[in-house]
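I have placed the structure first, in the form of C-alpha cells, so that the comments after it can refer back to it.
The values are calculated or read from the model by the stated rules, or taken from the named source; none is laboratory data. Just so it is clear, the structure is predicted and the values come from calculations on it, not from any experiment. Positions of Cβ are backbone-derived with ideal geometry, glycine not excepted, and every protein chain shown enters the neighbour counts. To get the accessible areas, we keep the full protein, side chains included, count just its heavy atoms, and leave off ligands, DNA and RNA. Shrake-Rupley method; radii C 1.70, N 1.55, O 1.52, S 1.80 Å.
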Amino acid sequence: MSMPYLWTRLRDILFFIHQSLCRPTQLVEECPPLATSTLVGRSYETARRAIRQPVRDGHSTNILLHRVIAKTPASVLCTCSPGSYRATSEEHGSFTSSSSTTVVLECDQSLTKAQPVHSLCFHGSRVTWLQPVDLQEFLLLKWKSPLAKVVTGNTEVGIEVKFKNLLYPVILCPSFVSELNSVTHTDDGVVFGASCTLSHMGAVLKQAVETLPPHQTEVFLAVLEQLRWFAGKQIRNVAAVGGNIMTASPISDLNPVFMVAGCKLTLMDKDGSRVVQMDDGFFTGYRRTVVRPQEVLVSVEIPYSQKTQFVSAFKQSPRREDDISVVTAAMSVTFAPGTHVVQDLKLSYGGMAATTVLATKTANRLVGRCWEEELLQVACSSLAEEMTLDPSAPGGMVTYRRTLTLSLFYKFYLTVLQKLRQQGVNVDEVRSDCLSATEVYHPVTPSSVQIYQAVPEGQSQDDVVGRPMMHLSAMKQATGEAVYCDDVPLYENELYLSLITSSKAHARIISIDTSAAESLPGVVCCVLAEDVPGSNVSGPVVYDETVLADQQVTCVGHVIGAVVADTQLRAQRAAKAVKVEYEELQPIVTIQEAIAAQSFYEPIRSIQKGDLEAGFKQADHILEGEIHMGGQEHFYLETNVTLAVPRGEDGEMELFVSTQAPTKTQSLVAKALGVPANRVVVRVKRMGGGFGGKESRTTVLSTVVAVAANKLKRPVRCMLDRDEDMLITGGRHPFYGKYKVGFLNSGKVVALDVSYYSNAGNSLDLSLSVLERALFHMENSYSVANIRGRGFCCRTNLPSNTAFRGFGGPQGMMVAESWMTDVAQTVGRPAEEVRRMNLYVEGEATACNQVLESCSLDRCWDECLSRSDYQQRRVAVDRYNRQNRWTKRGLAIIPTTFGISFTAVFLNQAGALVHVYTDGSVLLTHGGTEMGQGLHTKMVQVASRVLGISCSKIHISETSTNTVPNTSPTAASASSDLNGAAVQNACDIIMRRLEPYKSKSPEGSWEDWVKAAYFDRVSLSTNGFYKTPDLGYDFDTNSGRAFNYYSYGVACSEVEIDCLTGAHKNLSTTIVMDVGHSLNPAIDIGQVEGGFVQGLGLFTLEELRYSPGGVLLTRGPGSYKIPAFGDIPTDFTVSLLRDAPNDKAIFASKAVGEPPLFLASTVFYAIKDGIRAARAESGLSGPFRLDSPASAERIRNACSDRFTTLCGPPAEGGTFTPWSVQV
C-alpha cells in the first residue's frame, strides 16, 4: 500500500470521525455512523468497511462525502430550502436491492458547521432528526414537539439510546443556530449560548482570566478547574454547556459552580422568554428542571465575582483523569469588606442527592460568623447532619461521600484563610503542616529509565536473539493495517448474531417468547437450546456448562439463545425483544454467602509442610487477620469476536476467532455440532489483547455462533459490545484470605496457617487450577518452616470467573504481603528489614517442597534497594510526613517469586511447523497465538538464529488448528519457552537436512543450499515438538516439581495520599526483574511495564461492583476505570537483571508475561504505609485491615480523623439493602 494512498484513506477516516462527532447520524438508529469508540484498537480495514460498506447481497452502496449509512435499514437525507422540511423514507426500508444505491448530499456546505445554509431532516421508521438553522424555526419545532429531545454533542443521548434502550422519536439539533453559539461580554459577566462547546467556553474564560482583574474571575477559575477534569478533550470539543445543564445529572461537575455563582439562564418559547436563576429550586427532581417542555435554553450568564468573594470547586472521582464524580462541590463565600465576617455563603454538592443540592441550612448558620476555627466546627457538624444519604443510595460509598462533604469544605476553609491573609485581613494563619491540603493538583510530566543487558561480545550482528528488535506488527498496528478478526471482509449472505442473556442470577426458565423478535425487519431466526445439533453440554475442563441455557439460568448474563439478522443493529434490537419468563430462585452472590451455605466445588485443596502446632508454640507472637481482594475485568481492546463459515460439505466449518486457545475452541465447537474435530478449523491471526480472558471463555460465544451458522448454512458473525463482553465473560477471581501467623520478636516467621476462598462463579472453568496456583504462591518469596494452606472454590451465581494474568498467583501473594506487613507493624521494625530476613535463599525448599535453583532473589532485592535509593527515600518520606498533616507519603519494597509452567502437566508441550520454499523464504507456524505480547516476534528471532538467516526471510501468517494440532493455550507465561523450543527443534531438523549441501558448498548462500536440497528431493518441511521434562506434583504427598523454574523480581514504589479525599499520586517506581538472558529486551521491558500498570489497576483502581442480586453494575469504561496516563509513576525505572542465565528455557531466557504484575502491589502497600502515618496522627497504631483495591474510598475511610468521626459509623449490615456488595 503506497503512503500517499494510506494518508488519503487516513484523512477520510479522520474526516469521518469528525463528522460522526458533530453531525446527527449517530442519533438516528436507522443510520448510525461508526462511533469513535468503535475505531479504538481497530484496523484501517474496519474503518474502510464502515466508510464504504458493501450491502449483504454483494453489491456496493456508495456514500458520497463519506457519510455513512451502513449495515442498517436505510434512511434518505434530503436537502431542503431554509425553514422547510421534506423528509422521505426509502420505501423498502433497507439497502438490499439488487442494484447499487447512492445516497447523495446535494450541498456539501451542509456538513460544515461554519457555513449552514439549509435545514436538514433525517427520517427513519422510528426516529426523525431535525436541524433548524435559526432560532425562530427551532422554537417553532419545540412548540410542535415539546417532548422532542434537544441535542448538540450527543455525549449523553447517544449513551441513553445505545445502552439504556431509550427511544426518542423526534430529535432536534440546534447546533447551527447563531444565537445558541454566541458569546457576549456584559457588565455583569459573560453570556454563553447554550450550544457553545465546553472547549470554547473554557477558551473564552481563560482569556477573561488573563485580561480581567483577579477579583472578577473567581467563578471563571472555578469553572476552568472543573473543565480540567471534565471528560476528555474529544468530549469537551462537542459537549455543550446547555446540554450539561439540561441533562441535570446529580453528579454534574459544572452545575454546582453555576448554582453557587447564581448563573442566570435565558429560556424561550415561541411566545417569549424568561430568565431563571440556578438556585435550589432549579432542579425539581432526578434529571428534571423547572424548564417547561416547550421551552428551550438559549443562554447561560456566568457572572463576575465580587471583590470580597472567593469561589472554589472540587471534584472527587475514582480516577483523576476522564472519570465521573463520586462527589463534586462548589463553594462561594462573600465577606463584609475589610473583614472576615461572612456576608453570604453558598455550598453546593453533587453526588449527595437525586439532584445537585445547596446546603442551605449550613450556609444560613454560618452567615454573620467570623471565618475561624469555631465556624469550621459548626460547619462540619451542620454538614454532617444536613448532607445525609440513605444506606441504600445508588452509587454506594455512603460513608465516603458523607465524609467528602466535610473534607472538601475544610479544604475550602483553608484556601479562603490564605486568600484573606493575602488581602491583608487579620485571620488565623494556616499552619504549615496543613498547607498541602490547599494545593491544587497539576500533573507532572513523567520520565522513565529502561536498563537491560547487552548481547555477549562477539555475537554476530546477524544474530538478533537478545537484541531489542521492534515488534513485527508494530508498524501495521500503528498505521491501522493490522488485520483483526472482525476485519475479515464480509462474506456474501453473511448474517449477524446477537445474544439473548439472562436478567436473573438464579432462576428456572418458564418460557421463551421469540415471536416479537422474529417479526422484526431483517430477522432470520432465533437459536435456542433445541437447535444445538450435537451436545449442549460444554466446559473447558469439566463439562458443567451449556452452550445455551436449558431449563435453568445460573447467572445474570447466562446465554439463553441468540437472534440472527441481516445487520448488527437489527439483531441487537431483536434480541432485546425476546421475552423470557422466569421462576426466581435464591442466588448466592458473595464469598461470605457461599461460606455460610457451604457452596464449594470439589476438591478442597491443601498444602502442608512442617509441624504447624510446633511452629505456633515456638512463636513469640501469634496474629490473625484477613483481607479481601476484588476481581478485575480483562478490558482487552478487542472484545470477543467469532466469524463462523460453513464449508458446505461433510459438516466442515471454518472459524475466525479471537482466542488464546484454538484447539479448545475446535474441540468444543465440534462437540456442539456433533462432528469430529477434523471437520472444524479455527484460525487466529492476532488478538487485540487477551490477558487470560480469551483462554477459555471465548467458547461461550464461538459455540453459539457455530451452531447458528450450521443451522442456517450461512456465514455468521458476532463481535460483542463492551457491556456484553463484561457481563458475560467473567474476570479475575475475587479472593478472601484468612490467616494465622506465628513469628519471633525479630520478625522471623515460623508458622503460617492460611485459608483461601475464591469466587469461582456458576461453573468450575479453570478455577481449581487458579486456586492451586494461589496455594503454590501462598508464601510469596518467604521461607516459612511450618506452613499450611487450604483453598476453597466458591460456587456462586456470578458469571464464571476465569484465567487472568497471574492466574491466582497475585491473589496468593497478596495475602502473604498482608500478613508480612502486619508482622512488621507488630514487632515495630522496618518492613524492609522484616521482609529481607524472611527471603528465600538458594537451595531452600518452597512450601510445595520444590528446591530453589539459581535463585536470584537476593540480587534483585539488593539492586532494587540501590537503584531506588531506598534508605534516602525512607528518610525523606518520614520527614515529609512529620511536616504535613493532610497529605502523607508511603514507601514499600516487595519481592515476587513466580513459578513457570502449566500446573496441569499435559499442557506443557508445543508443536511447530516449518516450510522452506525454493526461493529461500520460510513460513513458520507454531502453537502459540499472538495477542500483542510479541510471541511471533520472538519465534522469528529463534528461527533466525537456528537457521542462520535474516528475520526478513521468515514469516508467520497465523495460528490454525490445521497446521499445528492439539496446541496448549497461549498462557501461563510459558509460550516462549514451549513454542520456542519446538521452533528450535523443527529448525534444527531442517539444518541437519541442509548440512550436506552446506558442506559441499560452504561459500554458497542460503538460497543455494535450499535449491540444492530441493533438486535432490529432500523435504524442506518438518514438524518440531517439545515437552517440558521432569514435571509433576502430587497434592496428596506434597512432592514433585510443580514448576520448571521460578522467575524473580523486586519493586520499590513511593506514593503520596490525600488524607482528606483518598486520592493518591504514584511518585516513583523502581523494578528489577530477572528474565534470564532476554530474547528481546525491548519486548520484555514492555511486558514488565505493561504488567505493572495492569497490576496497578488491580490493586488501586479497578472495581467490579455487583448488586445483591448478582447484576454487574460496572459494565463499560463509564463506570469501570482502568489506569490512565496520569496513573503511571512519575519516575519509572525498569532494570533487567544482568548475568542471570536460565538453563531451563530457550537460549537461557525466562518467562516475563505474568511475573511482573504482582510488583504493582508495592503501590498498594506504599499507600498502606501512608495511611499508617495518617492514622498515627489520630493516635491509632498497629495492624489494620485494608482490602484491595486501595480505592480512594478505602484510603479516605482508613485515614480516621475528626471528619470521619462526625459522620459516624456506617449502618449495620442486614438493616438495609446495599447498592452493591463485596463479592
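Taken together, Y491, Y441, Y410 contain a single residue that is assigned to a loop (DSSP other than H, G, I, E, B), of a type in the set (S, T, Y) and at pLDDT 95 or above, which is Y491.
The residues on offer are D1030, D1036, and the sole one that is open to solvent by 70 Å² or more (accessible area, probe 1.4 Å), on the phi < 0 side of the Ramachandran plot and in a loop (DSSP other than H, G, I, E, B) is D1036.
Give me a count of the residues in the range 148-181 that are assigned to a loop (DSSP other than H, G, I, E, B) and within 22 Å of Q294 (Cα to Cα). Number satisfying all stated conditions: 15. Take the residues in the range 528-586 that are assigned to a helix (DSSP H, G or I) and farther than 22 Å from D721 by Cα; name whichever of them is most open to solvent (accessible area, probe 1.4 Å). Taking the candidates together, the pick is E530.
Kindly indicate whether any position in the range 445-465 is among the small types (G, A, S), part of a loop (DSSP other than H, G, I, E, B), surrounded by fewer than 15 Cβ atoms within 10 Å (Cβ to Cβ) and touching a residue at least 40 places away in the same chain (Cβ under 8 Å). No, that holds for no residue. Screening the range 498-512 for residues that are under 25 Å from the mean Cα position of the chain (by Cα) and assigned to a strand (DSSP E or B) and picking the one that is farthest from A574 (Cα to Cα) gives T501. Taken together, A363, A353 contain a single residue that is of a type outside the set (V, I, T) and either surrounded by fewer than 15 Cβ atoms within 10 Å (Cβ to Cβ) or without any contact (Cβ under 8 Å) to a residue 60 or more places away in the chain (or both), which is A363. Of all residues in the range 263-284, those satisfying the criterion of being within 41 Å of the chain's Cα centre (by Cα) and open to solvent by 10 Å² or more (accessible area, probe 1.4 Å) are K264, T266, Q277, D279, D280, G281, F283, T284. M726 meets the stated requirement of being within 19 Å of the chain's Cα centre (by Cα) and aliphatic (A, V, I, L, M).
Being in contact (Cβ under 8 Å) with a residue 12 or more places away in the chain and under 24 Å from E321 (Cβ atoms) is a property that holds for N154.
Residue by residue, here is whether (1) aromatic (F, W, Y); (2) more than 29 Å from T642 (Cα to Cα) holds:
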{"residue": "L414", "(1), (2)": "no, yes"}
{"residue": "S432", "(1), (2)": "no, yes"}
{"residue": "T438", "(1), (2)": "no, yes"}
{"residue": "V455", "(1), (2)": "no, yes"}
{"residue": "Q459", "(1), (2)": "no, yes"}
{"residue": "Y484", "(1), (2)": "yes, no"}
{"residue": "V488", "(1), (2)": "no, no"}
{"residue": "L499", "(1), (2)": "no, no"}
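Checked against the criteria, P1141 does not count as at pLDDT 95 or above, under 30 Å from K504 (Cα atoms) and either surrounded by fewer than 23 Cβ atoms within 10 Å (Cβ to Cβ) or small (G, A, S) (or both).
Remark: E1089 falls outside the filter, which requires a residue to be open to solvent by 10 Å² or more (accessible area, probe 1.4 Å) and either touching a Pro at 6+ places or on another chain (Cβ under 7 Å) or not in a helix (DSSP H, G or I) (or both). May I ask you to verify whether I245 is part of a helix (DSSP H, G or I), open to solvent by less than 10 Å² (accessible area, probe 1.4 Å), in contact with a helix residue (DSSP H, G or I) (Cβ under 7 Å, 6 or more places away or on another chain) and not small (G, A, S)? Yes: the conditions hold for I245. Pairs linking a residue in the range 247-264 that is of a type in the set (K, R) to a residue that is outside any helix (DSSP H, G or I), with Cβ atoms under 7 Å and 6 or more positions apart or on different chains, are K264/V275; K264/Q277; K264/E301.
Within the range 941-982, the residues that satisfy the criterion of being part of a strand (DSSP E or B) and in contact (Cβ under 8 Å) with a residue 60 or more places away in the chain are T959, S960. Of the helices (runs of 4 or more DSSP H) lying entirely inside the range 1124-1223, those carrying at least 2 residues that are hydroxyl-bearing (S, T, Y) and closer than 27 Å to G631 by Cβ are 1161-1177. Just so you know, in the range 1152-1182 the residues that are closer than 28 Å to A974 by Cβ and of a type in the set (S, T, Y) include one that is surrounded by the fewest Cβ atoms within 10 Å (Cβ to Cβ), and it is S1161. Determine which single condition V260 fails, assuming it passes every other condition in (1) touching a Lys or Arg at 6+ places or on another chain (Cβ under 7 Å); (2) modelled with pLDDT under 95; (3) not hydroxyl-bearing (S, T, Y). V260 satisfies every listed condition except (2).
Scanning the range 690-711 for residues that are under 29 Å from G806 (Cα atoms) and of a type in the set (G, A, S) yields G690, G692, G693, S696, S702.
Taken over the range 346-356, the residue count meeting the criterion of being of a type in the set (A, V, I, L, M) and in contact with a Ser or Thr (Cβ under 7 Å, 6 or more places away or on another chain) is 2. Considering the range 182-197 alone, what residues qualify as being in contact with a strand residue (DSSP E or B) (Cβ under 7 Å, 6 or more places away or on another chain), open to solvent by 20 Å² or more (accessible area, probe 1.4 Å) and part of a strand (DSSP E or B)? Across the range 182-197, the qualifying residues are V183, T184, V191, T197. Restricting K149, K233, K142, K164 to those that are without any contact (Cβ under 8 Å) to a residue 12 or more places away in the chain and of a type outside the set (G, A, S) reduces the list to K164. Among the residues of the range 926-940, those identified as assigned to a helix (DSSP H, G or I) and open to solvent by 10 Å² or more (accessible area, probe 1.4 Å) are H936, K938.
Considering A982, A971, A943, the condition of being aliphatic (A, V, I, L, M), buried (at least 20 other Cβ atoms within 10 Å of the Cβ) and in contact with a His (Cβ under 7 Å, 6 or more places away or on another chain) is satisfied by A982 alone.
Table: residues versus (1) within 34 Å of the chain's Cα centre (by Cα); (2) surrounded by 19 or more Cβ atoms within 10 Å (Cβ to Cβ); (3) at pLDDT below 95.
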{"site": "E833", "(1), (2), (3)": "no, no, no"}
{"site": "C855", "(1), (2), (3)": "no, yes, no"}
{"site": "D858", "(1), (2), (3)": "no, no, no"}
{"site": "W861", "(1), (2), (3)": "yes, yes, no"}
{"site": "Q871", "(1), (2), (3)": "no, no, no"}
{"site": "R879", "(1), (2), (3)": "no, no, no"}
{"site": "G890", "(1), (2), (3)": "yes, yes, no"}
{"site": "I894", "(1), (2), (3)": "yes, yes, no"}
{"site": "S901", "(1), (2), (3)": "yes, yes, no"}
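When L913, L865 are checked against the criterion of being assigned to a strand (DSSP E or B) and open to solvent by 10 Å² or more (accessible area, probe 1.4 Å), L913 stands alone in meeting it. For the range 757-765, the criterion of a residue being buried (at least 24 other Cβ atoms within 10 Å of the Cβ) and either charged (D, E, K, R) or free of Cβ contacts under 8 Å to residues at least 24 places away in the same chain (or both) is satisfied by at least one position. Checked against (1) open to solvent by less than 20 Å² (accessible area, probe 1.4 Å); (2) more than 30 Å from S901 (Cβ to Cβ), R1017 passes all but a single condition, namely (1).
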